[in-house]
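Contents: one structure, followed by commentary.
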There are 6 protein chains.
Amino acid sequence: MSERTKTGIKGLDELIEGGLPKGYSFLLLGGPGTGKTTFGAQYIYKGATEYGESGLYVALDEPPFSIGPNMLKYGWDLEEIGRQGKFSFVDVSPMKRETKGTFVPAALQGSLIGSAKFSMDDVLTVIAEAKKRVKATRCVVDSITALTLQFKDDFEVRQQTLRLIKGLTEMEMTALLLAENPEDRQDMTHFGAEAFLAQGVIVLHMYRVEESNVRALEVRKIRGVKHTDRLCPYRITQEGIEVYPEETVFRSV
Amino acid sequence: MSERTKTGIKGLDELIEGGLPKGYSFLLLGGPGTGKTTFGAQYIYKGATEYGESGLYVALDEPPFSIGPNMLKYGWDLEEIGRQGKFSFVDVSPMKRETKGTFVPAALQGSLIGSAKFSMDDVLTVIAEAKKRVKATRCVVDSITALTLQFKDDFEVRQQTLRLIKGLTEMEMTALLLAENPEDRQDMTHFGAEAFLAQGVIVLHMYRVEESNVRALEVRKIRGVKHTDRLCPYRITQEGIEVYPEETVFRSV
Amino acid sequence: MSERTKTGIKGLDELIEGGLPKGYSFLLLGGPGTGKTTFGAQYIYKGATEYGESGLYVALDEPPFSIGPNMLKYGWDLEEIGRQGKFSFVDVSPMKRETKGTFVPAALQGSLIGSAKFSMDDVLTVIAEAKKRVKATRCVVDSITALTLQFKDDFEVRQQTLRLIKGLTEMEMTALLLAENPEDRQDMTHFGAEAFLAQGVIVLHMYRVEESNVRALEVRKIRGVKHTDRLCPYRITQEGIEVYPEETVFRSV
Amino acid sequence: MSERTKTGIKGLDELIEGGLPKGYSFLLLGGPGTGKTTFGAQYIYKGATEYGESGLYVALDEPPFSIGPNMLKYGWDLEEIGRQGKFSFVDVSPMKRETKGTFVPAALQGSLIGSAKFSMDDVLTVIAEAKKRVKATRCVVDSITALTLQFKDDFEVRQQTLRLIKGLTEMEMTALLLAENPEDRQDMTHFGAEAFLAQGVIVLHMYRVEESNVRALEVRKIRGVKHTDRLCPYRITQEGIEVYPEETVFRSV
Amino acid sequence: MSERTKTGIKGLDELIEGGLPKGYSFLLLGGPGTGKTTFGAQYIYKGATEYGESGLYVALDEPPFSIGPNMLKYGWDLEEIGRQGKFSFVDVSPMKRETKGTFVPAALQGSLIGSAKFSMDDVLTVIAEAKKRVKATRCVVDSITALTLQFKDDFEVRQQTLRLIKGLTEMEMTALLLAENPEDRQDMTHFGAEAFLAQGVIVLHMYRVEESNVRALEVRKIRGVKHTDRLCPYRITQEGIEVYPEETVFRSV
Amino acid sequence: MSERTKTGIKGLDELIEGGLPKGYSFLLLGGPGTGKTTFGAQYIYKGATEYGESGLYVALDEPPFSIGPNMLKYGWDLEEIGRQGKFSFVDVSPMKRETKGTFVPAALQGSLIGSAKFSMDDVLTVIAEAKKRVKATRCVVDSITALTLQFKDDFEVRQQTLRLIKGLTEMEMTALLLAENPEDRQDMTHFGAEAFLAQGVIVLHMYRVEESNVRALEVRKIRGVKHTDRLCPYRITQEGIEVYPEETVFRSV
């Protein structure tokens, strides 16, 4: 069996034979409010604090000055692990403010989402430098949906996504690529091509049942891994995301 | 927890941990007749009169000479708070008449919706000037749907929306971007990309039940905020919009 | 409350606080056979004969030589009110015959629907002249769907519709813009952008129930007006269109 | 009431106040096998033999050498009424064979469907000549769907259809324009624009009930005519098309 | 009644007044596995062996080196009737192997499907030569779907199909044009335009009932022929395709 | 009956008269997680070890450094049969790492998926060389979906697929072309044209039943083969894919 990377998501690793195959890129699909950013930050934070693996968080849309403070409510101090040399943001997000803290070490000059000078090669170069600096083996890209703002047609988006996956795979990073699935459809139409490029796909579902929402995680595909076929309920608790492999999503009637 | 901006919408703030995270842009989606303009004007008027925060109303389609008088029925005299230096319209709407009142301080010359010379940078410059003049921290843009009149393809609309959000975020305005959701579908297909650009999305639903309409507000997503998952009924009363967090939208059967 | 214009449609004005807000443009959507032309002619004829307000009928598709005689069956003699100086056709329709009557005072030379020389600015100029001549405050445009014949892509149609609404609003006409809604869908997808440009939208529905049709009027939106939410049945009688606010469209089961 | 043209379709005229308004163009929509060509030929043949009105049959797809013999089974000898000077084919169809009969008087040289030299103006010129020769007041165009073969985009097809309707209306012909409605949907999406250009629309429906088909005629719209709302069953008998206004299409349950 | 061509499909001719109208082109639509090639080969083989009529099989996708041997299982030796001068393949298919047999008399040099030099006029010239050589009155084209590989946009495919039908009709061949209907939808959307170009349309349906398939033939339209409206079951037996006009497709419940 | 190639998939060959017709290309369609790569590797491995036939695995997306080790869990050592001269990878996949093993004999220089220099002719040349070297008669292409990354429009993808099938058929390889069917729809819309190009189509279905998945194999079409119409359940066991022709997919109710 191939070497595995622990996700740090409670309940998930046991569904996928102990973790994600090391050194590949995986797609994390979910609609708004499904907790993709929390999932990504948890993967990075737990990696640094529990498994001794450094990580990078590549911000393509929500800015680090928003993500960092938002994660404090789970007790995850990204700034702190940044200072310990176990973490770095790679900030490609379009919005900038006067930096109040100091935990955003790598800022791409000019090649940001929304700028005409954006270049995936520049982004990969900065990722490679940051990887070298903090010795990262984990990576989160939040989110590849931002590429649809940068590149006009689907074909170009798909080619840039391929370039990104190719780059991350050659760096032997175990990477999560977050992607917005606007309608939470069970199919993957919208990210069909992106899904087939990745080594695996995890989907975060949110179903409206009566007037509230039910959340369920699905391991759609992980190449080379014998994984569960079941939808597993998950919740976003004060400790982050927890998956409940023993529970069922819908009660029988 | 991040600093919050009170919405001034009765019943809403308690659903979102006390208010909107300060300094970010939020999307307010709704079909025709759901009360988006009323929501926006209430946010501005209550800000000025109850929370001591000045505001701007950026009119991209309905002209100020229509919005201003229409809000008088709720007892909101925008002209009056304009005279008090707590409010300004930024009038980018295409329709112009001989100004009968004097409460429209900032009129963009030439760069209006429907004109070939329209430029988002000009609009942002005028917003920045108006912000400075009235010391505004709140902003409403009514509505970004108007950009579909100005820019031919979706990609350009999306890029302009990004530029607008980027500009407002860098000005640290807490902004509501109104958008027409023509079919009141529960998904956000039509504004998928715009929704993911924003820090949060609030949806105003209107369901036809038998021969009348039922209204419900949904907090779809607010980054960094633990918000309710439930659809909450709301009504448009003589005091403006009121949300009823304790009530249910549909009776059980 | 803003000043109102009586529609002259029996039963409608009481649904909308006494009439349409004066000086704005409204969309009247309906499928074939819903009575849009009858609605428009009734608005003009009643305006001239009962409310002392002159009107214009801008014909973009069906020619005046067809509309005029067809309205005689309701007892509305447009030719007669034309002779009295209270009415004028503005004939932009593509089809021309030897004029047998004389009641078509304003004929656009060259700039007709279907001609390469069509120009909305020319149309607005002729409308302005006709308005001046008969002192019109009411206007019907039948129908803006004809613009889809003239302009190749949706964006251009939308921009021309904006130009038309802008022109009519600046002339302070209370205008009805008729539009064909081919499938009578309850949503307004097809005229989504046009609907959001207008100050209000009224929809004429026709439902096939068993083997005949049931008609219902819906006030979708009127900015600044507190209007009914209900679908109201209407019929096309010998006196024209009548709305029945007290009746229900569908019987309960 | 406007002057009417008898359709010659048994049972139809009583549904539309005695006939089609004289001098306008009407759309006849139907799927394959609904009898559009039979309807058109009956309109022409009955016009010539029962109402003393000459007619033209403009063939855009099926060639006259097929249509003529096929109508003999109803006892309609188009060749014969052609010899009597009451009828003429205008053959614009792409397929040509050695002419065996002589009843095709007007053959367009060069400007046929499928040829790069096709021109609607040429077609209208030949129609005008044929009209003059046989003093035609009736016209059938079979079918405008053929224009989709000739013109690449929908906009061009729509403009050519407008040109055709405009030409026929200016010649004061009472014309039937046949159009293929491939899926027999009740809506008119596919011919939405064409339908709104015409003075009226008649739809031939075919419903699959269990393993056979039920046929029903619907008068969708005729401007200026108070027509039935009901679907009326029709059959294709040895005497041609017969409509049964007294019968119902579906039995009640 | 027009002259007829026997199909050689057991049970079919009685459904269509004795056979296909001679000298026209007919569309045979069906999804994968419905037996289109078998139908076509049967039409040709029975023509040659039972009705004394020579035929051509124009192969546009599946190569003759596959079709020929595959038909032997029905006992139809195309090679043999080729040697007798009653049959010829016209091989336009893209795949070529060293010819092992000799029964492929007409091979188009260069103008094959998938080649940039493909020309419908060349194909028609070779068909005309082959027709002359074997005195063919029957023709099968398998399949026109291949034209979607050759021509980029639908409009071009439609024009080429028109050219093909026009050519075959002018040669007075009774031709079957096979077309793949990928989803076996009852409508003919996909081949709407092609269907209306043809003199008739026969559809082979395959319905999944529980875990197996039920086959049914529908005569959708044959111009000038009074045909059944019913869906008739058919099977692919060791003698080829057999239609069962007396049976029903679905049992009543 | 034509010569057959054993698939090596337990239970499948008996459904298709003993195997796949030798020398043709077949499409294997399936959504993510249906086991396409396992199916392909099993076909190759069993060919080499049980039927004495060498094979090629053309990797277009997942890299050989991932596929090879992943197949070890079934006990299939591709590296070993590569050393025995019975197998070769043809590596066209975009991702490259320092090769740790030596079992990837044929690496295309430059003409890889994702590179501007990609050429199907180069790929076919390398396939031909590898075929010659290991005397391969079997071939798997995993997956043709990767061509959608390389070629911008569907037409080009289809033409390249035709070129590939043409090339493999001329080499007389019995080839499986894997293709991702993102939504596991029963129709083949997405690969409609590709499906009709191939000599046969096998579909791997995955149905969500309650909260787990049910797998079923369907033989959609194999030209010249009398195959089952039924959906047959299959499982992915420790020995690879097994089809159960005697079982039913869904229990009756």
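Here is the figure for the range C:154-185: residues that are open to solvent by 50 Å² or more (accessible area, probe 1.4 Å) and modelled with pLDDT under 85 total 3. Regarding the range A:47-69, can at least one residue be identified that is surrounded by fewer than 19 Cβ atoms within 10 Å (Cβ to Cβ), of a type in the set (Ser, Thr, Tyr) and over 18 Å from A:Ala198 (Cβ atoms)? Checked against the condition, which is being surrounded by fewer than 19 Cβ atoms within 10 Å (Cβ to Cβ), of a type in the set (Ser, Thr, Tyr) and over 18 Å from A:Ala198 (Cβ atoms), the range A:47-69 yields at least one hit. Considering only residues that are at the interface with chain F (Cβ under 9 Å from one of its Cβ atoms) and buried (at least 17 other Cβ atoms within 10 Å of the Cβ), look in the range A:230-253 and name the one that is modelled with the highest pLDDT. Top of the filtered list is A:Cys232.
Taken together, the residues in the range E:64-101 that are outside any helix (DSSP H, G or I) and touching an Asp or Glu at 6+ places or on another chain (Cβ under 7 Å) amount to 5. Note on the range B:17-56: residues that are part of a loop (DSSP other than H, G, I, E, B) and either on the phi > 0 side of the Ramachandran plot or touching a Leu at 6+ places or on another chain (Cβ under 9 Å) (or both) total 10. Restricting attention to the range E:133-163, the residues being assigned to a helix (DSSP H, G or I), among the charged types (D, E, K, R), within 20 Å of the chain's Cα centre (by Cα) and farther than 21 Å from E:Lys36 by Cα number 1.
Is there a residue being at pLDDT below 85, under 17 Å from A:Gly33 (Cα atoms) and either of a type in the set (A, V, I, L, M, F, W, C) or crowded, with 22+ Cβ neighbours inside 10 Å (or both) anywhere in the range A:216-227? For the range A:216-227, residues at pLDDT below 85, under 17 Å from A:Gly33 (Cα atoms) and either of a type in the set (A, V, I, L, M, F, W, C) or crowded, with 22+ Cβ neighbours inside 10 Å (or both): absent. Is it the case, given these coordinates, that B:Phe155 is farther than 17 Å from B:Gly40 by Cα, without any contact (Cβ under 8 Å) to a residue 40 or more places away in the chain, of a type outside the set (A, V, I, L, M) and within 11 Å of chain C (Cβ to nearest Cβ)? It is false that B:Phe155 is farther than 17 Å from B:Gly40 by Cα, without any contact (Cβ under 8 Å) to a residue 40 or more places away in the chain, of a type outside the set (A, V, I, L, M) and within 11 Å of chain C (Cβ to nearest Cβ).
Taken over the range B:33-46, the criterion of being surrounded by fewer than 24 Cβ atoms within 10 Å (Cβ to Cβ) and modelled with pLDDT under 95 is satisfied by B:Gly33, B:Gly35.
Step by step: first the residues of the range C:118-152, then only those that are basic (Lys, Arg) and open to solvent by 10 Å² or more (accessible area, probe 1.4 Å), then the one that is farthest from the other protein chains (Cβ to nearest Cβ). Which residue is that? Across the range C:118-152, the extreme among qualifying residues is C:Arg133. The set of residues from the range F:186-215 being surrounded by 19 or more Cβ atoms within 10 Å (Cβ to Cβ), within 14 Å of chain A (Cβ to nearest Cβ) and modelled with pLDDT under 70 comprises F:His190, F:Phe191. When the range E:55-86 is filtered for residues that are aliphatic (A, V, I, L, M), in contact (Cβ under 8 Å) with a residue 40 or more places away in the chain and either within 9 Å of chain F (Cβ to nearest Cβ) or touching a Gly at 6+ places or on another chain (Cβ under 8 Å) (or both), only E:Ile67 remains. Filtered by the rule that a residue be within 14 Å of chain B (Cβ to nearest Cβ) and over 14 Å from A:Ala179 (Cα atoms), the range A:1-48 gives a lone residue, A:Ala41.
The values are calculated or read from the model by the stated rules, or taken from the named source; none is laboratory data. Since we're looking at a predicted model, the values are computed, not measured. All Cβ positions, glycine included, derive from the backbone under ideal geometry; neighbour counts span all protein chains shown. Please note that ligands, DNA and RNA were not included when accessible areas were found on the heavy atoms of the full protein model with its side chains. Shrake-Rupley method; radii C 1.70, N 1.55, O 1.52, S 1.80 Å.
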